[in-house]
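Every number in this text was worked out from the coordinates using simple rules, so none of it is lab data. Note that the structure is predicted; figures quoted are calculated from it, not measured. All Cβ positions, even for glycine, are placed from backbone atoms using ideal geometry, and neighbour counts span all protein chains on display.
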């Protein structure tokens, strides 16, 4: 699209992010909320909405929602209730969804994001608790729709931003920040492909000088952060093209097709949305006391933003490193623990971002399961920093050996494998003399001013010491010897 | 408040109910009477009164997060008008 035309409009985006809470049981009954069970196996009379059954709230759902609220600096509503959202759809057995309308558990707050334009706090409207619906399967080869109610009653929190985002880049940043936070809080696995984290985007455009929002279009069905961004970009372009042609934008729900990269209007039989919310009479109100809130606050883990700041101020590592290390909590915690055992923080950062993360990726494990405990990695780093083991030898030979020798210290393993560097002048000098004697022609070249030739001598010294010569000392001795000739 | 034909049709659609044409007039009258009767409550001064959301004084009726035995798959599907071995079957909802 012509950037001049694109520039005539301001883009307005709001996100509704649903996070499936990783509780053991459902929100209002004791069915398992495990993903991936055979269809219609985790269903009892409450999930199925049988007449006369009564819901009872899972306490952990409230605690998880409060954790998210605290992480986003929301106001926690002290007396919160559930409402019924009424609509008919086959995967909603009761004919209403239990959700929160008038008194959501969290209000306000924000998500802090970083984009190429800098840092910005995206204000939240609310976070509320609700139950998920079941799953409808519409197969072209089937004359019926198939209904699986395993998911019905799975606990969700819905995080609703204000319409404050101005680009797909910001939308992507908000979503990845939310995913990072729910994972740190251990309240949701954040998996978008499996649908445990879902995002709908409300998109509208308005002329640059306008303050009046355009008609908003809701886009659904995006199963990755990248697809959320693609969907928004394509929807924005569609709306601009329509408006430029003089057509009005219709408020509607559109679905994103990842194959074509375009949004399309949804043709469902439910055309009239009037949810007639009212307080649910079956559930009692939830009162959040000071004591309860304090107990939840006390159990809050460190958050990615806090750790990012701390890593920079306390360990003086670059922004880039801090960003990589705080991407996941297990890695951040491993880094922090290792830094408690050594002062070489930048070296720790390099080791964790390099060999440690490669191991984690290769074996698909978390840093909590990593076989080398932080103290031992710190010891290895100390050996390298003290010049007792070269970095190359440490990374290629000593590091893998540590996995196999959980009961030995890094120094013991290094000794056992004879990997300690030789910084002893008395043992290095004979090797240096030997090398110089063997290459008289090269010595002549050095004397004629070809200083670069020293690299060749170093190579020989390293080879003959089997890689154990301390390069710094060897270089000094070698230079001294050559200059004396 | 007068319930007119548009109201009646909307309410019928939302409730997925059909009605006999010849009852329409009677239903509009009845519903108007009901709404008028409830509107009487608006005469009470409720300044400074929090909306009532529950009839009970109970709060914080929680369950612990525990999985318990539930219905078997076979019994869950037992009363379904249409089903197969795995799923409830319903008329197709998407074209």
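Quick notes on this one:
- Annotation: extensible slack from residue A:167 through residue A:142 equals 5.0 nm (criterion: 0.36 nm per residue apart, minus Cα-Cα distance).
- Range of Cα positions in segment A:425-484 per principal axis (Å), largest first: 30, 17, 17
- Note on segment A:2-45: the C-alpha convex hull projects to 6.3 nm² when averaged across all orientations.
- Antiparallel DSSP beta bridges within chain A, percent to nearest 5: 95 percent
- Overall dimensions of segment A:302-415, expressed as equivalent-ellipsoid semi-axes from the Cα gyration tensor (√(5λ), whole Å, largest first), are 23, 16, 11.
- Relative to the longest principal axis of the Cα atoms of chain A, the long axis of helix A:304-315 makes an angle of roughly 20 degrees.
- Cα-projected label distance for residue A:418 with residue A:275, points at 7 Å along beta-carbon direction, nm: 7.3 nm
- Measuring spread by the Cα atoms of segment A:120-187 yields a radius of gyration and Dmax of 16.7, 50 Å.
- Across segment A:3-290, the fraction of Cα-Cα pairs farther apart than 34 Å, rounded to a whole number, is 21%.
- Choice from B:12, B:76, B:24 with maximal GNM fluctuation in chain B (Cα, 10 Å cutoff): B:76
- FRET efficiency, residue A:405 to residue A:224 (Cβ-Cβ, R0 51 Å, nearest 0.05): 0.80
- Each 10 Å bin from zero up to the one holding the largest Cα-Cα distance in segment A:223-357 carries the following percent of pairs: 9, 21, 15, 20, 24, 11, 1.
- For segment A:79-202, alpha-carbon Rg over 2.2 N^0.38 Å: 1.22
- Number of partner chain Cβ atoms within 10 Å, mean per residue of B:81-88: 6
- For chain B, the share of alpha carbon pairs falling in successive 10 Å distance bins from zero is 10, 19, 19, 27, 22, 3 percent.
- 0 to 90° range, to nearest 10: angle between helix A:168-185 axis and chain A longest Cα axis: 80 degrees
- Packing-based ranking of A:131-138, A:259-266, B:65-72 yields A:131-138, B:65-72, A:259-266, ordered from highest to lowest mean Cβ neighbour count within 10 Å.
- Label-to-label distance, nm, for residues given as residue A:259 and residue B:9 (7 Å Cα→Cβ offset): 3.9 nm
- Once the C-beta distance of residue B:58 and residue A:300 is scaled by a Förster radius of 30 Å, the resulting FRET efficiency is 0.55 to the nearest 0.05.
- Kirkwood Rh, angstrom, segment A:326-481 [1 / mean 1/r, Cα pairs]: 17.3 Å
- Compared with the dominant Cα axis of chain B, that is its longest principal axis, helix B:5-14 is turned about 20°.
- Kirkwood Rh in Å, taken over all unlike Cα pairs in segment A:164-235: 13.2 Å
- Three-way shape call for segment A:95-153 based on the alpha-carbon gyration tensor, with the a/c threshold at 1.5: oblate
- The Kirkwood radius of the protein assembly as shown, taken over pairs of alpha-carbon atoms, gives through the Stokes-Einstein law at 4 °C and 1.567 mPa s a diffusion coefficient of 44 µm² s⁻¹.
- Cβ neighbours within 10 Å from other chains - mean over B:68-77: 6
- Cα shape, segment A:1-98, gyration tensor, a/c 1.5 rule: prolate
- Cβ-Cβ FRET estimate between residue B:69 and residue A:176, R0 fixed at 41 Å, reported to 0.05: 0.55
- For B:51-64, mean number of other protein chain Cβ atoms within 10 Å: 6
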